[in-house]
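I am attaching a structure below and will ask some questions about it afterwards.
The values are calculated or read from the model by the stated rules, or taken from the named source; none is laboratory data. Everything numeric in this text was worked out from a predicted model, so none of it was measured. Here the Cβ positions follow ideal geometry from the backbone for every residue, glycine too, while neighbour counts run over all protein chains shown. Surface areas here come from the heavy atoms of the whole protein model, side chains and all, with no ligands, DNA or RNA. Shrake-Rupley method; radii C 1.70, N 1.55, O 1.52, S 1.80 Å.
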Amino acid sequence: MPVRVRYAPSPTGSPHVGNLRTAIYNWLLVRKLGGQFIARLEDTDRTPGRYMPEGIWDIEESLRYLGTIPDEWWVSGGTSGPYIQSERLPLYKEYADRLVSSGHAYRCYCSRERLEAMRQEQQSKGIPTGYDRCCRTDVGREEMRIKRLSELGHEPPFVIRLAMPLEGQTVVHDLVKGDIVYDNRTQDDQVLLKTDGFPTYFLACAVDDHLMGVTHVIRGDDWLSSAAKFVAVINAFGWDPPALVHPPLILGPDRKKLSKRHGSTQFTEFVDQGYLPEALLNFLVLLGWSAGDENRELFTLPELIERFSLEGISEHPAIFDYDKLKWMNGMYIRQSPPGRIVGLCIQQLQKYKLIGDPPSESELDLARKLIPLEIERMKVLSEIVPMAEPFFTELKFPDGYEEKAVAKWLTVEYIKPLLQREIEIFSGLSVWDPSTLEDSVRSLADEMELKFAGVIHPTRVAVTGRTVGPGLFDAIWALGRETTLQRLNSVLEAL
RNA sequence: GGGGAUAUCGUCUAGAGGUUAGGACGAGGGAUUUUCAGUCCUUAAGCCGGGGUUCGAUUCCCCGUAUCCCUACCA
């Protein structure tokens with residue numbers, strides 16, 4: 001039997017990395033075992049502020065960026081569409097009615113106010129919260145309907161609730177955690193169809209998973225505690241539940257569900273900062289899954305497909321380690337063809353207005369020289385911006401020079417003759433390349449009877465205004481003769 | 001309040017009765033060197049507690065504790 005899995009995001013904004021991780025697990029399972037990866041848009045919550053259609057594009061982009069493109073989804077269609085739940089409303093109504101007819105669900109006329117008051121009271125009394133099932137009986141329901149009818153002056157709206165079995169147990173078979181038994185008496189009569197005609201998660205998912213032939217449901221662990229209700233709905237229809245898999249949650253450093261206050265959580269934020277898709281994917285996969293006793297952490301996509309299995313999913317939550325992600329991204333940056341990194345960094349420079357959009361020829365020339373020199377220093381692409389700053393902005397001593405750098409290296413007693421000689425030497429060079437520059441400065445050090453380091457450091461500060469950066473001669477070479485001389489002169493004159 | 005899940009270095013994890021408890025990030029030290037970074041070498045750091053089961057428990061069972069999740073006409 002082919003595996004069919006689904007990723008079911010809600011359009012509430014740019015996807016959370018935790019959601020993306022489940023998408024990746026789904027995708028990997030299908031690539032590994034064969035079958036179809038479905039994406040289905042769960043847009044049944046129309047509450048203003050929670051329904052954000054703009055988020056749909058981010059969802060699509062994130063999947064494309066990671067390379068985990070669904071086999072069937074609303075973008076390309078498929079045999080089980082539509083893949084947007086708001087386009088399947090008649091279906092949910094039909095199936096909800098079916099449950100009502102079979103006695104597995106019932107209409108509930110209770111007002112939100114009544115429900116809210118009930119919950120308040122239960123909480124204040126310290127007793128378990130939940131619906132009191134007053135509409136579950138024909139008598140109670142009719143009473144409530146009449147009451148609401150007289151209040152409203154028209155036929156009152158109703159929801160459809162699941163008639164949860166009053167006794168017995170519901171067993172959830174989780175492939176990672178094993179069988180979990182829930183006492184039905186602790187389960188509420190879940191609302192399945194809302195007054196606005198939209199289904200809740202439980203109905204929509206049960207119906208869609210069944211109709212779409214979903215064999216494995218992989219979703220976050222936050223769904224585990226309500227899994228009994230989910231399975232109860234499926235049981236009520238008389239269907240076989242799909243295999244369930246609940247990968248552990250991703251937590252922030254304070255051990256709470258990862259959220260904005262911990263730092264970036266949304267996919268687009270990571271992309272903006274310059275995380276590479278393969279790094280993001282590799283890192284996310286490893287949060288909650290392990291290849292076993294293999295002592296590695298860097299895997300290519302084919303390697304992950306080869307190794308992926310549900311058994312490797314861990315059972316305990318994982319804390320999102322931003323430092324490790326950075327490290328991994330740096331590894332991938334250094335493994336990438338430099339040309340690719342150059343291109344991506346140029347985009348960053350454009351975004352932060354260090355170069356024009358489009359960039360001029362000379363800007364491009366400098367960027368192509370400089371960026372490869374900075375690659376080994378980068379962990380995220382956006383770091384190129386501060387690194388490139390002294391190269392793309394006009395430095396006029398002492399403006400733009402780091403104070404501490406100046407204090408330390410431009411105060412040496414031989415600074416003036418040193419800069420003077422460098423200006424002379426650099427002006428006369430017939431070839432402008434790193435090794436020629438290095439040779440010339442080495443002989444200057446000999447000539448002035450100075451240690452090489454004693455020449456290097458003041459020069460670096462005079463030319464770039466910083467103490468850190470690429471190898472000095474690479475930097476000077478990239479910067480070009482004109483700018484280098486200009487800066488040396490400006491320092492010499494001002495001292 | 002009710003229900004569920006989980007528990008190995010600070011963090012991500014390997015381990016599936018007998019191991020010097022392994023790897024990675026981060027931290028410390030060293031080497032390279034032209035600064036930073038990178039690279040290489042290296043050090044410290046862990047089985048939540050208590051009962052069982054067993055010749056023997058990090059590992060299996062129970063209890064406790066802690067943490068997280070659910071408890072909405074949100075997903």
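Six or more apart or on different chains, Cβ under 8 Å: which pairs go from a residue in the range A:292-314 that's more than 22 Å from A:TYR332 (Cβ to Cβ) to one that's open to solvent by 50 Å² or more (accessible area, probe 1.4 Å) and not in a loop (DSSP other than H, G, I, E, B)? Could you list them?
A:GLY292/A:ARG307; A:SER309/A:LYS32
Might you let me know whether the range A:471-491 holds any residue that is in the same structural domain as A:GLU424 (by TED's automatic domain parsing), part of a loop (DSSP other than H, G, I, E, B), crowded, with 18+ Cβ neighbours inside 10 Å and within 14 Å of RNA strand B (Cβ to nearest atom)? Walk me through how you get there before you give the answer.
Our first condition is that a residue be in the same structural domain as A:GLU424 (by TED's automatic domain parsing); within the range A:471-491, this holds for A:471-491.
Still in the list and also part of a loop (DSSP other than H, G, I, E, B): A:471, A:480.
Checking which are crowded, with 18+ Cβ neighbours inside 10 Å leaves us with none.
Checking the range A:471-491: not a single residue is in the same structural domain as A:GLU424 (by TED's automatic domain parsing), part of a loop (DSSP other than H, G, I, E, B), crowded, with 18+ Cβ neighbours inside 10 Å and within 14 Å of RNA strand B (Cβ to nearest atom).
Follow-up question, since we're still on this one. Scan the range A:265-296 residue by residue and report those that are assigned to a loop (DSSP other than H, G, I, E, B) and surrounded by fewer than 18 Cβ atoms within 10 Å (Cβ to Cβ). Let's see the steps before the verdict.
Taking the range A:265-296 and keeping what is assigned to a loop (DSSP other than H, G, I, E, B), we get A:265, A:274-276, A:287-288, A:290-296.
Listed by number, the residues that qualify are A:SER290, A:GLY292, A:ASP293, A:GLU294, A:ASN295, A:ARG296.
If you check A:ASP222, A:ASP209, A:ASP189, which single one turns out to be near RNA strand B (Cβ under 7 Å from one of its atoms), of a type in the set (Asp, Glu) and outside any strand (DSSP E or B)?
On the way: A:ASP209 fails: near RNA strand B (Cβ under 7 Å from one of its atoms); A:ASP189 fails: near RNA strand B (Cβ under 7 Å from one of its atoms).
Of A:ASP222, A:ASP209, A:ASP189, the one residue that is near RNA strand B (Cβ under 7 Å from one of its atoms), of a type in the set (Asp, Glu) and outside any strand (DSSP E or B) is A:ASP222.
Please enumerate the residues belonging to the range A:347-361 that are among the small types (Gly, Ala, Ser) and either surrounded by 11 or more Cβ atoms within 10 Å (Cβ to Cβ) or in a helix (DSSP H, G or I) (or both). Walk me through how you get there before you give the answer.
Step one: list which residues in the range A:347-361 are among the small types (Gly, Ala, Ser), which gives A:356, A:360.
Of everything in the range A:347-361, just one residue is among the small types (Gly, Ala, Ser) and either surrounded by 11 or more Cβ atoms within 10 Å (Cβ to Cβ) or in a helix (DSSP H, G or I) (or both), namely A:GLY356.
Quick one: which residue in A:SER382, A:SER435 is farther than 20 Å from A:GLU363 by Cα and polar (S, T, N, Q)?
A:SER435
Output yes when any residue across the range A:432-439 is part of a helix (DSSP H, G or I), open to solvent by less than 70 Å² (accessible area, probe 1.4 Å) and touching a Lys or Arg at 6+ places or on another chain (Cβ under 8 Å), and no when none is.
no
Something else about it: Are there any pairs, at least 6 apart or on different chains, whose C-beta atoms fall under 6 Å, with the first in the range A:245-271 and near RNA strand B (Cβ under 8 Å from one of its atoms) and the second at pLDDT below 90, and if so, which?
So the pair list comes out as A:LEU251/A:LEU258.
Still on this structure, I have one more. For the range A:150-164, indicate whether the set of residues that are without any contact (Cβ under 8 Å) to a residue 40 or more places away in the chain and touching a strand residue (DSSP E or B) at 6+ places or on another chain (Cβ under 9 Å) is non-empty.
Within the range A:150-164, not a single residue is without any contact (Cβ under 8 Å) to a residue 40 or more places away in the chain and touching a strand residue (DSSP E or B) at 6+ places or on another chain (Cβ under 9 Å).
Any idea how many residues of the range A:366-388 are under 21 Å from the mean Cα position of the chain (by Cα), near RNA strand B (Cβ under 9 Å from one of its atoms) and open to solvent by 20 Å² or more (accessible area, probe 1.4 Å)?
1
Step by step: first the residues of the range A:59-104, then only those that are of a type in the set (S, T, N, Q) and under 30 Å from A:LEU344 (Cβ atoms), then the one that is farthest from RNA strand B (Cβ to nearest atom). Which residue is that?
A:SER76
Now for a different question. Among the residues in the range A:229-240, are any of a type outside the set (Asp, Glu), out of contact with any Ser or Thr (no Cβ under 8 Å at 6 or more places or on another chain), within 27 Å of A:PHE308 (Cβ to Cβ) and open to solvent by less than 20 Å² (accessible area, probe 1.4 Å)?
Yes, the conditions are met somewhere in the range A:229-240.
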